[in-house]
Amino acid sequence: MELRDTATRKADTLAALEKHHDVWLATADVAGRPHLVAVSGWWDGTDLVVATRASTKTARNLAMNPSAKVAHGAPSDAILLDVEMLDNIAVEDSADLCQGFAAAVGWDPRDEGPGWMFFRLRPSRIQAYQGYGEIEGRDVMVRSRWVV
């Protein structure tokens, strides 16, 4: 397999984030105990917006510790994001987010019952690699800035 340059990795990353909406979200409580869950995410062009119930461990962890990690894909085509939660909002208080999220991921949290929240996650680092040959040079975003 031919190795991709950074510009191609960035383009592939953006395409995957816009097209594929199921990701793994890892959070931790203040003691550092990790929690991993599958969530639906909407890439709005700058941030990843995820939805979960306010009562979940994920929501509690993000409230205590806004740093998290997101993983997409498989080891043969991985995208890893280091993120910070910017804000959260109840789904019933944000019609615009509901519309964008539902259009992107195919379901609306308002239809799932009460207690759902949106969490806006801003990436500070994004890594993208297809197999072990691309691990070197895998950063496409560093300190919230695209490398290319």
- So which residues in the range 59-77 are in contact with a His (Cβ under 7 Å, 6 or more places away or on another chain) and either closer than 10 Å to residue 117 by Cβ or part of a strand (DSSP E or B) (or both)? 72
- Task: For the range 37-52, name all the residues that are assigned to a strand (DSSP E or B) and loosely packed, with under 15 Cβ neighbours inside 10 Å.
- Result: 38
- Task: Inspect the range 80-93 for any residue being within 16 Å of residue 130 (Cβ to Cβ), modelled with pLDDT under 95 and outside any loop (DSSP other than H, G, I, E, B) and give the result as yes or no.
- Result: no
- Task: Looking at (1) in a loop (DSSP other than H, G, I, E, B); (2) at pLDDT 95 or above, find the lone condition where residue 1 falls short.
- Result: (2)
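Taking the conditions exactly as written (under 14 Å from residue 9 (Cα atoms), in a strand (DSSP E or B) and either touching a helix residue (DSSP H, G or I) at 6+ places or on another chain (Cβ under 7 Å) or modelled with pLDDT of 95 or more (or both)), does residue 125 satisfy them or not? Walk me through it before giving the result.
On the way: under 14 Å from residue 9 (Cα atoms): yes; in a strand (DSSP E or B): yes; either touching a helix residue (DSSP H, G or I) at 6+ places or on another chain (Cβ under 7 Å) or modelled with pLDDT of 95 or more (or both): yes.
Considered against the rule, which asks whether it is under 14 Å from residue 9 (Cα atoms), in a strand (DSSP E or B) and either touching a helix residue (DSSP H, G or I) at 6+ places or on another chain (Cβ under 7 Å) or modelled with pLDDT of 95 or more (or both), residue 125 comes out as yes.
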- Task: Can you give me the number of residues within the range 53-87 that are surrounded by 17 or more Cβ atoms within 10 Å (Cβ to Cβ) and of a type in the set (S, T, N, Q)?
- Result: 3
- Task: State which residue pairs qualify: first residue farther than 25 Å from residue 101 by Cα and inside the range 28-48, second residue among the aliphatic types (A, V, I, L, M) in any location, beta carbons under 7 Å apart, and separation of 6 or more residues or different chains.
- Result: 29/64; 30/64; 34/26; 34/28
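Would you tally the residues in the range 54-72 being in contact with a helix residue (DSSP H, G or I) (Cβ under 7 Å, 6 or more places away or on another chain) and of a type outside the set (A, V, I, L, M, F, W, C)?
Narrowing the range 54-72 to residues in contact with a helix residue (DSSP H, G or I) (Cβ under 7 Å, 6 or more places away or on another chain): 68, 72.
Filter once more, keeping what is of a type outside the set (A, V, I, L, M, F, W, C): 72.
Summing the residues that are in contact with a helix residue (DSSP H, G or I) (Cβ under 7 Å, 6 or more places away or on another chain) and of a type outside the set (A, V, I, L, M, F, W, C) in the range 54-72 gives 1.
The values are calculated or read from the model by the stated rules, or taken from the named source; none is laboratory data. A quick note: this is a predicted structure, and the numbers were derived from the prediction, not measured. Cβ: placed from backbone, ideal geometry, glycine included. Neighbour counts: every protein chain shown.
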